[in-house]
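Here the structure is laid out as C-alpha cells; the discussion comes afterwards.
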Amino acid sequence: MGWISPTGFVDSGGTWVSESLAYDEATGTYSYSDLGVVGWSNWIEYTVPAINCDKVQLWLSRSTGNITEDEIEVYYSGGWHNIHSGIITVDQWVEYQIGSTESVTALRVRMYTDKKSRQCRFCEADFWEVVAGPTPNAYNQIAYTSEPPTPNAWNQIKQEVGSGWIKINYEGE
C-alpha cells in the first residue's frame with residue numbers, strides 16, 4: 001500500500017495553467033485557474049494507470065476566501081463518482097474516502113467562487129493504492145498432512161499466511 005502520484009492530466013476546458021505542478025511532490029507549487037465569473041471553475045482531471053484504490057488525498061489552496069466550495073470525483077466502473085461536495089479545506093492534506101476499493105484511473109476537482117477574478121489552486125494529489133492480500137477466509141483454510149489428524153499430527157498442521165507457509169504448534173486437545 002502507499003500513496004501514488006498522478007501520471008498525467010486532462011484540462012478539457014483549457015482554463016488551468018501549470019497542470020503538472022499538482023503532482024510534483026511539492027505543496028508550495030500549484031496548478032491554477034483564474035475564475036472570471038461567479039460560479040464553478042472548469043474541472044481539472046488527474047490520471048493514473050488503473051490501481052486498486054480506496055481513497056485519495058488532496059492539498060488545495062486559493063487566492064482569497066471567496067473560493068468557498070469544491071467538488072471531488074473519482075473515475076471507476078465506467079463513470080465519475082462524487083466523493084466530496086461542500087466546504088473547501090485549504091492549505092493542508094485532506095483524505096477523501098471512496099467507500100470501497102475500486103479500480104480507479106482518475107480524479108477530478110472543481111472549485112466555486114462567489115466573486116469574479118479569483119484564483120483556484122490545486123497543489124497536490126495522490127491516490128492510495130490498496131495491495132491485494134489473502135482474503136479473510138484464507139486464514140481459515142488449513143491443510144492437513146493426514147486425514148483425520150492424529151493427536152501427534154497437530155504439530156504438522158500448516159496455515160497459509162501472506163506469501164508463505166508457517167507451522168502452527170498446537171498443544172492440548
Revision key, fill the gap. Summed over the other residues with a beta carbon less than 9 angstrom from that of ILE83, with K and R at +1 and D and E at -1, the charge totals 0
Review point. Ranked from highest to lowest mean number of other Cβ atoms within 10 Å per residue, what is the order of the peptides 26-38, 8-20?
Key: 26-38, 8-20
Review point. Can you give the net charge of the other residues whose Cβ lies under 11 Å from the Cβ of TRP3, counting K and R as +1 and D and E as -1?
Key: -4
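Read-outs throughout are calculated quantities, based only on the coordinates presented, and are distinct from any laboratory measurement. A quick note: this is a predicted structure, and the numbers were derived from the prediction, not measured. All Cβ positions, even for glycine, are placed from backbone atoms using ideal geometry, and neighbour counts span all protein chains on display.
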